[in-house]
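K.L.:
Take this structure first; my questions come after.
The values are calculated or read from the model by the stated rules, or taken from the named source; none is laboratory data. All of these numbers come straight from a predicted model, not from anything done at the bench. Cβ placement follows ideal geometry from the backbone for every residue including glycine, while neighbour counts extend to all protein chains displayed. Keep in mind that these areas ignore ligands, DNA and RNA; they rest on the heavy atoms of the full protein, side chains included. Shrake-Rupley method; radii C 1.70, N 1.55, O 1.52, S 1.80 Å.
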2 protein chains.
Amino acid sequence: MLIPVIMSGGAGTRLWPVSRRAHPKPFMQLADNETLMEKTLARALAVTGSSVVLTVTSRDYYFLTRDEYLKNTTAGITYEYILEPFGRNTAPAIALAALRLQAEYGGETKMLVMPADHLIADQKAFKTAVYEAEKIADTGQLVTFGVNPTHAETGYGYLLHGEKIADSNGYKLAAFEEKPDLETALKYLDSGDYRWNSGMFLFRVNDILQALATHAPDVYNSALEVWSAIEPEDELVELPAEEFSRCPSISIDYAVMEEAENCAMVSGDFGWSDIGSWKAIRELYESDATGNRIRGKGIMINSSDCFVQSDEGRIVAAIGVHNLVIIDTGDAVLVSDAEHSQEVKQVVSQLNLQQHESAIFHKTVHRPWGYFTVLEDANDCKVKRLVVKPGCVLSLQRHQRRSEHWTVVAGTARVRVGDEEFSLKANQSTYIPVDTMHRLENAEDEDLHLIEVQTGDYFGEDDIERFEDVYGRS
Amino acid sequence: MLIPVIMSGGAGTRLWPVSRRAHPKPFMQLADNETLMEKTLARALAVTGSSVVLTVTSRDYYFLTRDEYLKNTTAGITYEYILEPFGRNTAPAIALAALRLQAEYGGETKMLVMPADHLIADQKAFKTAVYEAEKIADTGQLVTFGVNPTHAETGYGYLLHGEKIADSNGYKLAAFEEKPDLETALKYLDSGDYRWNSGMFLFRVNDILQALATHAPDVYNSALEVWSAIEPEDELVELPAEEFSRCPSISIDYAVMEEAENCAMVSGDFGWSDIGSWKAIRELYESDATGNRIRGKGIMINSSDCFVQSDEGRIVAAIGVHNLVIIDTGDAVLVSDAEHSQEVKQVVSQLNLQQHESAIFHKTVHRPWGYFTVLEDANDCKVKRLVVKPGCVLSLQRHQRRSEHWTVVAGTARVRVGDEEFSLKANQSTYIPVDTMHRLENAEDEDLHLIEVQTGDYFGEDDIERFEDVYGRS
């Protein structure tokens, strides 16, 4: 039995302004309008044939992830989740995933660990590699997936292959090297003996737990403590913050793979990319005759080899520029030389230092019940478009410093204002005075769209008193 | 008597996306938050000492111009206007301005013709030049203003100076040259005998009319016909379209200045610029240590000599780029190499070909009564913020394909819906059903702000049936 374990944690700040902490990289649309999350799930199901998928993520991303998974129509899949209260790097996450799979499916179960935000172009080649890895894992090895390097990348770790493993296309792992400097990376590339560490792993549950107990007992023991504090009856397991905070924050590479003797490697060319920069995203688009790649509305004059992404209908015009990445979003524009696109992290750092909203949030904010887009955020009012998914209901709530005017523009709303309950159809409106209990619900089969005009003197998200909330936020 | 004649016609497409036909260059804010229109008026009053200003513009720009002039607090100024139904270049405009001044103030009156969209940094030097020009005009000369060239510009016409005029700092004009090619421009620059043609003129009304009658009789006669068709009792003269359409479209340079013998030139260094490109706008801002100039919110990483203008609160982040102009507006972003910024015209041409709104309109649209900003323009609704100036009233109107929901967020509205009239204060709202007469008025002393949510299936500006309109639009 091989079960995919999808790890979805990082914020992907190198893809700002599209990827932000509140809606990070795994959820952004790529060239084909699919998300990495969606693709990772499809790949996980296809290469393992499993009817169970275990996802390790955070409470913040749970609803977003679930919505992505809903796009997959494969019947009879059980989606299991481990929700972390905060990030602790990959070793504790893998330890807890292993403990959970051990309890549910037994220690002989194999797990395929896959980050949610990688792209694999050649799924057939990857499936072959997984098949090889599975055979090797059956002999008690911890299998890594190496990628044939195409250049002296300093942003990845490297795997040095050892002797070939009999009756397989795999190798013993001779060394596990952290991100090198350029000189070392060039040496690795020249030698032909090194592979990029893709960050994917395949091993038996018992084997990784044994390796953790041997090489990282602090991780192992703290994970055991976390596990003993929960009762995993549900498909959704929320890790207790206090116990989880005692897990050391350490990667599985550093905790286990660099130490253990029983490591192996399967390598291949399966079109792997960690989509770690806008330059990598650019490669996913077809270029025109001048090398420009455009998503959205772009007008290019005497410009070449540029990538334009404009997702909100705004026009991007470029004149006399070359090899630029121009990313337009509702509240921020990025203009970067493609060769410098890794430095986007510095922009996000500066925005974080300034506590600027755009470091974390978009103008469109996702909620368990749907999403809202801020159309206007001024001193005298805030205007939003709210979209409520079928069957969803917002919390019963009230505000101390703002009134709200709702106008339905599509669908039908079920509304409670004070003690009254009524329906609002398109082109009908209502008013929620300050300090009045209210609730919005979409009991129909189609999305409900409404325009909310808030008036008052403060419009922050913290002026929401929640009384009943089906998503556990009250 | 010297009267300034301010000519305000062109759309300034080289400064797209900020300058657009509906709100062009003279009305855009510069580094000091003043507009060129505002500056031109202040300069006109300061250098002439006149208590009359005649402006030749179009109906579309009349209210915008009046609003700019209202910012000037000089007491006792009479603002006169000639409104063209469409552009016919400068010769007919100057002819009609001269005819009007002749009728009102006599043929000995001198006129100082100033385009509305030029910048003059050294007003004192300019005042000296105007003083010199006035003396020369008193001898029957048509005086041009030459600017000492600093480079071989191919975008301007050139003036060749002849012999010095006795008792003045002016020269006879030896030749009037149209925009040269680069080779010729370099020759002009080397010779030291040429000046840039600034497009400003000073002459007596009788002299320019005489010159027009002699060298451009078709312009002169058609202007006379236009003039005889109107009764200029008002400070506001609207030219009749039929008669005006018979005026040839020709510049005063070509019609008169290249032909007449009695042309002179006063030249100087008064810091003149026609602000003909974003590169020129950039020079108006102070640079930081890396040569970057920023209006709005910019984050610059490893970038230099860039100009960023972001007027709507959006963040512009630049990485590893140099000598770029990045202009952000509500619905369009321009990224241009500074040396290519003249090519913005090509972008506007493409947008015009595609009949794209952003070639002409902004998200904020100015109206005689104030302005509105489009916050959302979707299939199911359109949302606007309307700002109505004190004492202003919108037309009595109705729509066939949309209903409107109004929520006042600041100020007080006087509203008519059907046969009812009532007031709405901040945080109050009302509903205007489809096919219902309505009117919005601000009878108070402060701006009225309201959010309008339109619902229906069509939201174009052409679904407005106007019944009574104080601005003559019904």
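K.L.:
Would it be correct to say that B:Glu420 is away from every other protein chain (no Cβ under 14 Å) and either open to solvent by 60 Å² or more (accessible area, probe 1.4 Å) or of a type in the set (Lys, Arg) (or both)?
P.N.:
Considered against the rule, which asks whether it is away from every other protein chain (no Cβ under 14 Å) and either open to solvent by 60 Å² or more (accessible area, probe 1.4 Å) or of a type in the set (Lys, Arg) (or both), B:Glu420 comes out as yes.
K.L.:
Could we say that A:Lys389 is open to solvent by less than 60 Å² (accessible area, probe 1.4 Å), more than 13 Å from chain B (Cβ to nearest Cβ) and among the charged types (D, E, K, R) here?
P.N.:
It is true that A:Lys389 is open to solvent by less than 60 Å² (accessible area, probe 1.4 Å), more than 13 Å from chain B (Cβ to nearest Cβ) and among the charged types (D, E, K, R).
K.L.:
Run down B:Asn379, B:Asn352 and say which single residue is facing another protein chain (nearest Cβ under 10 Å), open to solvent by 60 Å² or more (accessible area, probe 1.4 Å) and outside any strand (DSSP E or B).
P.N.:
Checking each option against the conditions leaves just B:Asn379.
K.L.:
Right, something else. Condition (residue is outside any loop (DSSP other than H, G, I, E, B), touching a residue at least 24 places away in the same chain (Cβ under 8 Å), under 14 Å from B:Asn427 (Cβ atoms) and within 9 Å of chain B (Cβ to nearest Cβ)) applied to the range A:432-448: is it met by at least one residue?
P.N.:
Checked the range A:432-448: no residue is outside any loop (DSSP other than H, G, I, E, B), touching a residue at least 24 places away in the same chain (Cβ under 8 Å), under 14 Å from B:Asn427 (Cβ atoms) and within 9 Å of chain B (Cβ to nearest Cβ).
K.L.:
Check A:Ile294, A:Ile326, A:Ile301 and return the single one that is more than 25 Å from the chain's Cα centre (by Cα), touching a residue at least 12 places away in the same chain (Cβ under 8 Å) and either open to solvent by 10 Å² or more (accessible area, probe 1.4 Å) or within 12 Å of chain B (Cβ to nearest Cβ) (or both).
P.N.:
A:Ile301
A quick yes/no check of all residues on (1) at pLDDT below 95; (2) of a type in the set (D, E, K, R); (3) more than 30 Å from A:Ser310 (Cα to Cα):
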{"residue": "A:Leu2", "(1), (2), (3)": "no, no, yes"}
{"residue": "A:Gly10", "(1), (2), (3)": "yes, no, no"}
{"residue": "A:Met37", "(1), (2), (3)": "no, no, no"}
{"residue": "A:Leu45", "(1), (2), (3)": "no, no, yes"}
{"residue": "A:Tyr61", "(1), (2), (3)": "yes, no, no"}
{"residue": "A:Leu70", "(1), (2), (3)": "yes, no, no"}
{"residue": "A:Tyr79", "(1), (2), (3)": "no, no, yes"}
{"residue": "A:Arg100", "(1), (2), (3)": "no, yes, yes"}
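K.L.:
In the range A:176-189, how many are over 11 Å from A:Glu153 (Cβ atoms) and part of a helix (DSSP H, G or I)?
P.N.:
3
K.L.:
Which of the residues spanning the range B:190-205 are open to solvent by less than 60 Å² (accessible area, probe 1.4 Å) and in a helix (DSSP H, G or I)?
P.N.:
Hits for the range B:190-205 are B:Ser191, B:Val205.
K.L.:
Do we find that B:Ala332 is surrounded by fewer than 22 Cβ atoms within 10 Å (Cβ to Cβ), in contact (Cβ under 8 Å) with a residue 40 or more places away in the chain, farther than 19 Å from A:Leu351 by Cβ and at the interface with chain A (Cβ under 9 Å from one of its Cβ atoms) in this structure?
P.N.:
So B:Ala332 does not fit the description; no.
K.L.:
I'd like the full set of residues that are out of contact with any Gly (no Cβ under 6 Å at 6 or more places or on another chain) and either crowded, with 19+ Cβ neighbours inside 10 Å or polar (S, T, N, Q) (or both), limited to the range A:206-222.
P.N.:
A:Ile208, A:Leu209, A:Gln210, A:Ala211, A:Leu212, A:Thr214, A:Ala216, A:Val219, A:Tyr220, A:Asn221, A:Ser222, listed by residue number.
K.L.:
Please state which of the following conditions B:His161 fails to meet, knowing it meets all the rest: (1) at pLDDT below 95; (2) open to solvent by less than 30 Å² (accessible area, probe 1.4 Å).
P.N.:
(2)
K.L.:
A:Glu404: without any contact (Cβ under 8 Å) to a residue 60 or more places away in the chain, closer than 14 Å to A:Phe459 by Cα and within 9 Å of another protein chain (Cβ to nearest Cβ), yes or no?
P.N.:
no
K.L.:
Now for a different question. Report the residue count in the range B:135-148 for those that are open to solvent by 30 Å² or more (accessible area, probe 1.4 Å) and under 26 Å from the mean Cα position of the chain (by Cα).
P.N.:
Qualifying residue count for the region: 1.
K.L.:
Hey, another quick one. Looking at A:Gly411, A:Gly460, A:Gly472, A:Gly456 in this structure, which one is away from every other protein chain (no Cβ under 14 Å) and either of a type in the set (A, V, I, L, M) or at positive phi (or both)?
P.N.:
A:Gly472
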